[in-house]
Amino acid sequence: MKRLSVLRHAKSSWKERELDDFDRPLNGRGQSAARRMGREMSDRGMQFDFILASPAVRVRETIEGVGEELELAAPIRFEPRIYMARVAELIELIATIPDAATNALLVGHNTSAERLVIKLANDDERGLRKRVEEKFPTAALAVIDLPIGSWHDLQPESGRLVELIYPGDLD
């Protein structure tokens, strides 16, 4: 069994219009949400043994904010292909996670983060997948249990969405 958590970066700033999209930082609300999500993840006892992330500034700052409240001792691999990735590319990247890792975190962007969760998760009785289909806001976290022994064996619609945390639900 493997567990994949998918975190969408927190709210970014559009204040400096001349910045390239890749270089946009978090705004104040995004910084607060990243820390709040880190605190919630800590309260729930979440731990990761591998982190796969986009190198975009807003993703790096999201990880930093989460890390202020949750110990992130896992190795982090910043993968440029996550930025602007299609779901198929994300699945290919997930297959490269070392099999020693059983609880991985992917930190990326929408719409690919939302589509990845929908692609990997089965429908569930609690309606979590349907909720993701409706909206996967900034700083949202989806946790998917996958019945696989190797990340190479990842298959669409094989996972069970076990947790869905939206920062707006925490206030």
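The values are calculated or read from the model by the stated rules, or taken from the named source; none is laboratory data. All values reported here derive from a predicted model rather than from experimental measurement. Note: ideal-geometry Cβ built from the backbone for every residue, glycine included; neighbour counts use all protein chains shown.
Here Arg81 does not qualify as within 13 Å of the chain's Cα centre (by Cα) and of a type in the set (Lys, Arg).
Only one entry in Leu106, Leu93 is farther than 23 Å from Arg39 by Cβ, at pLDDT 95 or above and touching a Leu at 6+ places or on another chain (Cβ under 9 Å), namely Leu93.
Among the residues of region 1-27, those identified as more than 20 Å from Tyr83 (Cα to Cα) and surrounded by 16 or more Cβ atoms within 10 Å (Cβ to Cβ) are Lys2, Arg3.
Which residues, counting only those in region 139-155, are buried (at least 16 other Cβ atoms within 10 Å of the Cβ) and over 17 Å from the mean Cα position of the chain (by Cα)? Steps first, please.
Step one: filter region 139-155 for residues buried (at least 16 other Cβ atoms within 10 Å of the Cβ), giving 139-146, 148, 151, 154.
Matches in region 139-155: Ile148 only.
Take the conditions (1) loosely packed, with under 13 Cβ neighbours inside 10 Å; (2) at pLDDT below 95; Ser158 misses just one of them, which is (1). One residue is enough: does region 14-27 have a residue meeting the conditions in contact with a Ser or Thr (Cβ under 6 Å, 6 or more places away or on another chain) and in a strand (DSSP E or B)? Scanning region 14-27, I find at least one residue that is in contact with a Ser or Thr (Cβ under 6 Å, 6 or more places away or on another chain) and in a strand (DSSP E or B), so the answer is yes. Within region 28-50, if we keep just the residues that are farther than 16 Å from Ala140 by Cα and in contact with a strand residue (DSSP E or B) (Cβ under 9 Å, 6 or more places away or on another chain), the residue that is surrounded by the most Cβ atoms within 10 Å (Cβ to Cβ) turns out to be Phe48.
Cβ-Cβ distances below 6 Å connect the following pairs, each with a first residue in region 137-160 that is of a type in the set (Gly, Ala, Ser), a second residue that is in a loop (DSSP other than H, G, I, E, B), and a separation of six or more residues or different chains: Ala139/Ala10; Ala140/Tyr166; Ser150/Asp99.
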